1. Taking region 144-169 on its own, how many of its residues are in a loop (DSSP other than H, G, I, E, B) and closer than 17 Å to residue 196 by Cα?
2. Restricting to region 173-220, give me the number of residues that are over 27 Å from the mean Cα position of the chain (by Cα), of a type outside the set (A, V, I, L, M, F, W, C), surrounded by 14 or more Cβ atoms within 10 Å (Cβ to Cβ) and in a loop (DSSP other than H, G, I, E, B).
3. How many residues, within region 221-245, are part of a strand (DSSP E or B), surrounded by 18 or more Cβ atoms within 10 Å (Cβ to Cβ) and of a type outside the set (Val, Ile, Thr)?
4. From 48, 90, which residue is crowded, with 21+ Cβ neighbours inside 10 Å and either in the same structural domain as residue 211 (by TED's automatic domain parsing) or free of Cβ contacts under 8 Å to residues at least 40 places away in the same chain (or both)?
5. Mind listing just one residue for me: the one in region 15-35 that is surrounded by fewer than 17 Cβ atoms within 10 Å (Cβ to Cβ) and assigned to a strand (DSSP E or B) and, of those, modelled with the lowest pLDDT?
6. Tell me the residue from 144, 150, 126 that is out of contact with any Lys or Arg (no Cβ under 7 Å at 6 or more places or on another chain) and either hydrophobic (A, V, I, L, M, F, W, C) or farther than 22 Å from residue 265 by Cα (or both), please.
7. Counting only residues that are part of a strand (DSSP E or B), buried (at least 19 other Cβ atoms within 10 Å of the Cβ) and not aromatic (Phe, Trp, Tyr), how many does region 61-78 have?
8. If you take the residues in region 125-143 that are closer than 22 Å to residue 171 by Cβ and part of a loop (DSSP other than H, G, I, E, B), which one is farthest from the chain's Cα centre (by Cα)?
Amino acid sequence: MDVYETWEDQEIQFDLSVNKALKMRNGEKIIDRLEFIEDTKGNSGDKGVLVITNLRAIWHSMTFARVSLSIGYNCIQDISTRIVNSRLKGITEAIYIQAKYNALRYEFVFTNLIPGNTRHFTSFIGVFKAYNSSRLYRELKLRGAILKNGHLRLLMFEKMYSTVNGVWNLSSEQGNLGAFIVTNIRLVWFAESNETFNISLPYIHINSIKIRESKFGEVLVIETNGYSGGFTLGFRIDPKDRLRTITKELSSLFRIHAQLPEFGVHFVNVDEVDNNEPIQIQPTISNDYDEFEDENTIGVSNTLAAYSVSKTGKEDGLPHYDSSLGLAVETLPEGYTIASLWEVIPNTKREQ
């Protein structure tokens, strides 16, 4: 069986339609929603809405339906504050984000236009810290300190269902004898001779669970998705009836978790609490746009240039003479031209 990969926390997306940007995947929850937030770096002078979920931050313009950002928390390298010059607010303190995606580094700056309101600081930074401290819910982990004396260190909201002994990990020619620990969030395998030789595999990274023939006979094969490296993991369990029973159990838990994944990110803003219960915030979309989304329109071509810093791990491009400008300019990233950087509305008729 194949499932929809969780891209929301793994990618940075530009200029999705508001409907697409605010479409929550299974298990994604809106934690806070703030109006009158300026995207000072890329859309200075434009009022927008900042939506903070347990997987990403979404900013969209309150004026133009096609202008939006989706910033996955896994792409963020650092969050701090910085004094900036906002077109709408002047010299003020703003939240400053450094991120990396697809070998490019980006900067994002968000300014709260409401005087004295710093909730975007507390919400954004608080949720990001909660995301960073709960990575075992979402990441494949090899040789981690996840066990103590053969007992799994349970995560919050994690329930252990069963322990399966006599499971051979077929990652080497001779195999390694160990055991499965099956929970509602992940599958853990560890070697009997050395519990630090282990793997913690959240269900959200599994693409398929199957029984296949191999040189070891019938084995359980688990394939992971591209975000976790696209691994193929093989395990031998005897006898065959036991192999089928365990495969059925894992497949069932995998399907259940896919319907409502537990991503482990929990944060309650003190401003949003009444009687110890968080207020439920629903995504809302304004109808007062000056520009309407054309689903067949290519994304705005100059968007990346507004936020991009440079390629990660490489020096800035060497300058060269551009005859159209009559100036020496830095070499642009692959796929960009001087003409495209000047476009406000993309030329959809240009030959690809």
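The values are calculated or read from the model by the stated rules, or taken from the named source; none is laboratory data. Bear in mind that the values here come from a model prediction, so they are computed numbers and not experimental data. Every residue, glycine as well, gets a Cβ built from its backbone with ideal geometry; the counts of neighbours run over all protein chains shown.
1. Total satisfying the criteria: 7.
2. Count: 3.
3. 3
4. Of the residues listed, the single one that is crowded, with 21+ Cβ neighbours inside 10 Å and either in the same structural domain as residue 211 (by TED's automatic domain parsing) or free of Cβ contacts under 8 Å to residues at least 40 places away in the same chain (or both) is 48.
5. 35
6. Exactly one of 144, 150, 126 is out of contact with any Lys or Arg (no Cβ under 7 Å at 6 or more places or on another chain) and either hydrophobic (A, V, I, L, M, F, W, C) or farther than 22 Å from residue 265 by Cα (or both), namely 150.
7. Of the residues in that region, 7 qualify.
8. This residue is 143.
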